[in-house]
1. Using a 1.4 angstrom probe on heavy atoms only, work out the carbon and sulfur share of the accessible area of region 349-404 in %.
2. Would you list which lysines come within 27 Å of residue 401, measuring only between C-alpha atoms, while excluding same-chain residues fewer than 8 positions from it?
3. Spelling out what I want: for every residue of region 16-32, take phi, set θ = phi - 60°, compute 6.51 cos²θ - 1.76 cosθ + 1.60 (Karplus), and round to whole Hz; glycine and proline get x.
4. By what distance, in whole Å, do the Cα atoms of region 285-441 stretch along each of the three principal axes, largest value first?
5. Label residue 221 and residue 88 with points 7 Å out from Cα along Cα→Cβ: what is the distance between them in nm?
6. Which shape class applies to the chain: rounded if a/c is under 1.5, otherwise prolate when a/b exceeds b/c and oblate if not, where a ≥ b ≥ c are the square roots of the Cα gyration tensor eigenvalues?
7. Could you calculate the FRET efficiency of residue 167 with residue 235 from 1/(1 + (r/R0)^6), where r is the beta carbon distance between them and R0 is 60 Å, rounded to 0.05?
8. Quick one: if you stick a label point 7 Å off each Cα along the C-beta vector at residue 310 and residue 425, how many nm between them?
Amino acid sequence: MNDKIVMPVWTFGLFIVVMNTTMFNVSLPSIIRDINVSAALGSWIVSSYSIGYALSTMIYSRLSDVLPIRRLLWIGLAILGLSSVFGIMATNFQALLIARIAQSAGAGAMAGLGLVLASRYIPYERRGRAISMISAGAAMAFGLGPIVGGLITEYFGWNGLFAVTCLVLVLLPILLRLLPKEQPKSFRFDIIGVILTIVNAATLLIAVTQRSAVWLAAGLLSIAVHVWHNRRSKETFINRELLAKPMYRKLLVIGFCIMMLNLGNLFLMPLALANLFAKSPLAIGFTIAPGAVLSAFLTPFVGRWIDRYDNVRFLILGHGILAIVLVAFWAALGASPAVILFGYLFFSPALSATIASLNNETSRILPAKLIGSGMGLMQLIQFFGGSVSVALCGMLLEFQKKNSLVSAYEHVYGALIAIYICSLCALLWYLLSGRRLHRAT
């Protein structure tokens, strides 16, 4: 495989898919107002996409162990295209939610299979650059997504956002021609495990948003059933070998927390700009965009630095910068929109470097036979964390209606700081556990 051609094309496709998230984040205040729903309910437009994206990423990654990447990509992009056409015609919350969930079922192909492709076909000494290129596509989407989302929402309405995603279909024949040909392997796919994973994620997410002990009990029960199923089945959707690796489990915790910070912040910033400073969708886009564009510009350099200086240095550096920005948002968010503008200039590059280092470190510690399932589970955990964060932030804002708006946002950022502390503890735990003694063979 000629990765110098394949990876840039793939990165552009991922850029479109990720922009599908950031466009809706910026347009969320307008959508909530137009379809007349609460912030907590409106958060499902983002969180449902995130959790569906996470689950489909895991499914495509897991299937890549036995099915050709070309075939899986064709299926994913076809689902994404058809659901985007349906979304153009959505006029109410129910139709919008269905379109977003269907989109997420196809969108996971680009994220999940991209990491598998890089981990499987690119040597480790160049892999950091390839994974960072994928991160650059995501970072650029975070930069241009707010602007594109703001422009389309302001002049054409939020339904027009679905039309942008259809562009990914143009890349399908190009990628099918460039990707390496693989032969399918005989396998037994764990359908029950897939269903249980979906039930686990959905029930826990509903428990958070509804503050329901009943749903929490249902979620815990479904997890217990899933554990029982995994112990008695030979072929499982979530590979048992992965969960037996202590170092991998620690990286999962970091991934969960970091994506909570990322999507939680991306959910809060547009709402804060709209509600505290009366910014339009376009103005919100231009406020958030500089940080994400800077992140995209720096990502190729970060990729080379990761290959040269190792992943852990950037995990530590990224955590340090994130701490400073989160404290600044918590202490001074209501002072001026410039706080968000300049804060995100540091937050976005630090987050991208942290995610790229984390994914590269995950590929480093896993043996080749576990790359597909391991990277897929990492993506699942990351985006489930993001979904929980968006739902939690929406719920916390709804819960503080009697407080001033500034105070409400400060309290939610205080919760994100607590999540950051969990991530930092997991990173220190990973380093103190003798990380360098666990190189995959």
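The values are calculated or read from the model by the stated rules, or taken from the named source; none is laboratory data. As the structure is a computational prediction, the values presented were derived from the model and not from experiment. Note: ideal-geometry Cβ built from the backbone for every residue, glycine included; neighbour counts use all protein chains shown. Accessible surface areas use protein heavy atoms only, side chains included; no ligands, DNA or RNA. Shrake-Rupley method; radii C 1.70, N 1.55, O 1.52, S 1.80 Å.
1. Using a 1.4 Å probe with all protein chains present, region 349-404 comes out at 66 percent carbon and sulfur.
2. 279
3. Values per residue, Gly and Pro as x: 5, 5, 5, 4, 4, 7, 5, 4, 6, 4, 5, 8, 4, x, 5, 5, 4 Hz.
4. That works out to 56, 31, 27 Å along the principal axes.
5. Roughly 4.4 nm, to one decimal.
6. Working: a/c = 1.31, a/b = 1.27, b/c = 1.03.
The shape class here is rounded.
7. Numbers: r = 37 Å, r/R0 = 0.62.
After rounding to 0.05, the efficiency reads 0.95.
8. My value for the distance between the label points is 2.5 nm.
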